[in-house]
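Chemist: Here you go, one structure.
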Amino acid sequence: RLTWTRQAALEAEAVASLSCSGHGRAFLDGIGSSQGEPACECYACYAGSDCSELLPDCPADADSGDPLFLEPFWMQRAERSAVVVSGWHRMSYVVTKGTLLSIELEKLIRKLHSVIGNANATGKFILFGDGSTQLINTAVHALSHNNSSSPTSVVAAVPYYGAYEAQTNLFNSEDYEWKGDAFQWKNTSDSSVNSIEFVTSPNNPDGQLRRPVIQGPLAKAIHDHAYYWPHFTAIPSMVDEDIMLFTLSKITGHAGTRFGWALIKDEEVYNSMKYYATLNTVGSSHESQLRALKLLKVVLQGRGSDIFQFAFTTLSDRWRKLSSSFSLSRRISLQKTAPQYCTYFQRIREPSPGYAWLKCEMEEDEDCERVLRGAGIISSPGSSFGAPNRYTRLSLIKSQDDFDWLLHRINALVAQEAI
Ligand SMILES: C=C(NCc1c(COP(=O)(O)O)cnc(C)c1O)C(=O)O
């Protein structure tokens, strides 16, 4: 018999009962909730009190890597994935035995990597972050401490996730300096310079599995494995690097929970990162840690087969449809992909990248984002990734509505070529 949780459960179920025509959601803290019944918050291109109206001239927004493609998975597992938070849940700054992180969650993350076989967490220190976004500069700070009089060069191979450059420039320390493309830097610098290279594998935006470009005794690397899950790539081997970053955003899709983690080999680097992160936010939200624990327990049921099959099937289907549409175009091409052996699925599997990295091939189409915008498609320009604007990125991990509308706009654009 429920007692103090009953009211919370009734409120949550009342909100979940608003279907919003399947083109929106109502939330406990949603718009209108303070006056009584929360209202539907419609997905892009839908409007009306029940989100049933499709806005015909609405652009297809494929800009952000907002991982809503996983929302149906969790709605189909409502009971298993819900968690009730008491009004007195972990009010202290500390979680367990004076630490800022949940021991149970740390154990589960180690088990997750062991079961999926994507990363070696054995013997590694674990640090939680507010998303892995917080851990990007945390790691640069820790690795740039050295006795050199000149700042450490921070680089990434083009195309690269733009946050590395933006954060390095924003935090603007005398210890490090953003130096752009790793390939160019390698050709113009000598091995006496300290460097930190961001190695994103699979890469955002082009989905390629990567290795460090810069080698040598003074070369350090931060391996960002946000997408190193069966959703987005084959798992050819278990990665085992000095610093590896992961995020809940891309394994469960809960970007809003703002939870990420780093696996760190060296204790001194770990302590430096921990000191920085503690001064920065005094650890991660305890509610987020509780929710991550619940969600990752669901992920690990059946050794992950449920979510990884759902995610792989969804994204490989989207990739097949997108590739088929662009195969008819002489104007726009997609990044090259190839089937690969996956140690998780234990078979060769088709590509299922989270992003499409487009190139406008016509001489006059130097601004590919502009070409797509003219066709009612919002994308992320190449310059956001340190690349020429002849390239642009499409996000394939948003909601089904978003993808369907994107494909509709792409087919219309490609059909225009035939006229
Ligand atoms: C949301 C997007 N990127 C998230 C991201 C992040 C940030 O993840 P968070 O944990 O949600 O902060 C880290 N690393 C890489 C390589 C990423 O692509 C995007 O590219 O649109």
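Chemist: Identify, please: which residue in the stretch 242-257 is within 9 Å of the chain's Cα centre (by Cα) and within 9 Å of the ligand (Cβ to nearest atom) and is, among those, farthest from Trp229 (Cα to Cα)?
Modeler: Initial filter on the stretch 242-257 (within 9 Å of the chain's Cα centre (by Cα)): 246-251, 253, 255.
From the residues that got through so far, the ones that are within 9 Å of the ligand (Cβ to nearest atom) too are 246-250, 255.
Details: Phe246: 10, Thr247: 11, Leu248: 11, Ser249: 12, Lys250: 8, Ala255: 16 Å.
Of everything passing the filter in the stretch 242-257, Ala255 is farthest from Trp229 (Cα to Cα).
Chemist: Go through (1) in contact (Cβ under 8 Å) with a residue 24 or more places away in the chain; (2) assigned to a helix (DSSP H, G or I) for Asp317 and report which single condition fails.
Modeler: (1)
Matching residues to (1) in contact with a His (Cβ under 6 Å, 6 or more places away or on another chain); (2) surrounded by 12 or more Cβ atoms within 10 Å (Cβ to Cβ); (3) modelled with pLDDT of 95 or more:
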site	(1), (2), (3)
Tyr43	yes, yes, no
Gly87	no, no, yes
Met91	no, no, yes
Leu100	no, yes, no
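Chemist: I would also like to ask the following. Pull up the stretch 381-398, narrow it to residues that are within 11 Å of the ligand (Cβ to nearest atom) and of a type in the set (D, E, K, R), then point me to the one that is nearest to Ala60 (Cα to Cα).
Modeler: Lys398
Chemist: Given (1) at pLDDT 95 or above; (2) under 22 Å from the mean Cα position of the chain (by Cα), where does Pro351 come up short, assuming only one miss?
Modeler: (1)
Chemist: Give the number of residues within the stretch 212-230 that are away from the ligand (no atom under 16 Å from the Cβ) and not in a strand (DSSP E or B). Explain how you work it out, then say what you get.
Modeler: So the first thing to find is which residues in the stretch 212-230 are away from the ligand (no atom under 16 Å from the Cβ), and the list is 213-220, 230.
Those still in the list that are not in a strand (DSSP E or B) too: 213-218, 230.
The number of residues fulfilling the criteria is 7.
Chemist: Here's something else I'd like to know. Let me spell it out: the conditions are (1) within 13 Å of the ligand (Cβ to nearest atom); (2) touching a residue at least 40 places away in the same chain (Cβ under 8 Å), and Ala234 meets all of them except one. Which number is the exception?
Modeler: Among (1) within 13 Å of the ligand (Cβ to nearest atom); (2) touching a residue at least 40 places away in the same chain (Cβ under 8 Å), the lone unmet condition for Ala234 is (1).
Chemist: Restricting attention to the stretch 274-324, report how many residues are buried (at least 19 other Cβ atoms within 10 Å of the Cβ), within 20 Å of the chain's Cα centre (by Cα) and either at pLDDT below 95 or more than 29 Å from Ser86 (Cα to Cα) (or both).
Modeler: Qualifying residue count, the stretch 274-324: 8.
Chemist: Turning to a different aspect of this structure: Cβ contacts < 7 Å: first residue without any contact (Cβ under 8 Å) to a residue 60 or more places away in the chain, restricted to the stretch 398-419; second residue surrounded by 19 or more Cβ atoms within 10 Å (Cβ to Cβ), any location; separation 6+ or different chain. Result?
Modeler: none
Chemist: Hey, can you tell me all the residues within the stretch 280-307 that are under 18 Å from Gly129 (Cα atoms) and among the charged types (D, E, K, R)? So that I can check it myself, show each step before the final result.
Modeler: Applying the first criterion (under 18 Å from Gly129 (Cα atoms)) to the stretch 280-307 yields 280-296.
Correct list: Glu287, Arg291, Lys294.
Chemist: Scan (1) on the phi < 0 side of the Ramachandran plot; (2) at pLDDT 95 or above; (3) assigned to a loop (DSSP other than H, G, I, E, B) for the single condition Val199 breaks and write down its number.
Modeler: Looking at each condition in turn, Val199 falls short on (3).
Chemist: Give, as residue ranges, the strands (runs of 3 or more DSSP E) completely inside the stretch 334-415 that count at least 2 residues that are in contact with a Phe, Trp or Tyr (Cβ under 9 Å, 6 or more places away or on another chain) and among the polar types (S, T, N, Q). Walk me through it before giving the result.
Modeler: Values: elements: 340-342, 347-349, 355-360, 391-395.
In the stretch 334-415, 391-395 are the strands (runs of 3 or more DSSP E) which contain 2 or more residues that are in contact with a Phe, Trp or Tyr (Cβ under 9 Å, 6 or more places away or on another chain) and among the polar types (S, T, N, Q).
Chemist: What single numbered condition from (1) surrounded by 15 or more Cβ atoms within 10 Å (Cβ to Cβ); (2) within 15 Å of Leu295 (Cα to Cα) fails to hold for Ala78?
Modeler: (1)
Chemist: Okay, moving on. With within 24 Å of Asp66 (Cα to Cα), of a type in the set (Gly, Ala, Ser) and at pLDDT 95 or above as the only criterion, which of Ala156, Ala142, Ala121, Ala182 stands out? Quick ask: steps written out before the conclusion?
Modeler: Values: Ala142 fails: within 24 Å of Asp66 (Cα to Cα); Ala121 fails: within 24 Å of Asp66 (Cα to Cα); Ala182 fails: within 24 Å of Asp66 (Cα to Cα).
Of Ala156, Ala142, Ala121, Ala182, the one residue that is within 24 Å of Asp66 (Cα to Cα), of a type in the set (Gly, Ala, Ser) and at pLDDT 95 or above is Ala156.
Chemist: Tell me, please, whether a residue that is without any contact (Cβ under 8 Å) to a residue 12 or more places away in the chain, in a loop (DSSP other than H, G, I, E, B) and either closer than 27 Å to Glu11 by Cβ or touching a Phe, Trp or Tyr at 6+ places or on another chain (Cβ under 6 Å) (or both) can be found in the stretch 70-82.
Modeler: Within the stretch 70-82, one or more residues are without any contact (Cβ under 8 Å) to a residue 12 or more places away in the chain, in a loop (DSSP other than H, G, I, E, B) and either closer than 27 Å to Glu11 by Cβ or touching a Phe, Trp or Tyr at 6+ places or on another chain (Cβ under 6 Å) (or both).
Chemist: In this structure, is Glu177 modelled with pLDDT of 95 or more, more than 15 Å from Ile222 (Cβ to Cβ) and either more than 16 Å from the ligand (Cβ to nearest atom) or not aromatic (Phe, Trp, Tyr) (or both)?
Modeler: Details: modelled with pLDDT of 95 or more: yes; more than 15 Å from Ile222 (Cβ to Cβ): yes; either more than 16 Å from the ligand (Cβ to nearest atom) or not aromatic (Phe, Trp, Tyr) (or both): yes.
Yes.
Chemist: Anything in the stretch 357-386 that is in contact (Cβ under 8 Å) with a residue 60 or more places away in the chain and under 20 Å from the mean Cα position of the chain (by Cα)? List them, or say none. Before you say what the answer is, go through the steps one by one.
Modeler: Taking the stretch 357-386 and keeping what is in contact (Cβ under 8 Å) with a residue 60 or more places away in the chain, we get 357, 373, 376-380, 382, 384-386.
Selection gives Trp357, Ile378, Ser379, Ser380, Gly382, Ser384, Phe385, Gly386.
Chemist: Another question, then. Filter the stretch 180-210 down to residues that are out of contact with any Lys or Arg (no Cβ under 6 Å at 6 or more places or on another chain), away from the ligand (no atom under 16 Å from the Cβ) and farther than 16 Å from Ala139 by Cβ, then give me how many there are.
Modeler: Looking only at that region, the number is 12.
Chemist: Among the residues of the stretch 120-142, which ones are buried (at least 24 other Cβ atoms within 10 Å of the Cβ) and either of a type outside the set (S, T, N, Q) or away from the ligand (no atom under 13 Å from the Cβ) (or both)?
Modeler: Hits for the stretch 120-142 are Leu127, Phe128, Gly129, Leu135, Ile136, Ala139, Val140, Ala142.
The values are calculated or read from the model by the stated rules, or taken from the named source; none is laboratory data. All figures in this text were calculated on a predicted structure; none of them were measured in a lab. Glycine gets a Cβ as well: all are built from the backbone with ideal geometry, and neighbour counts include every protein chain shown.
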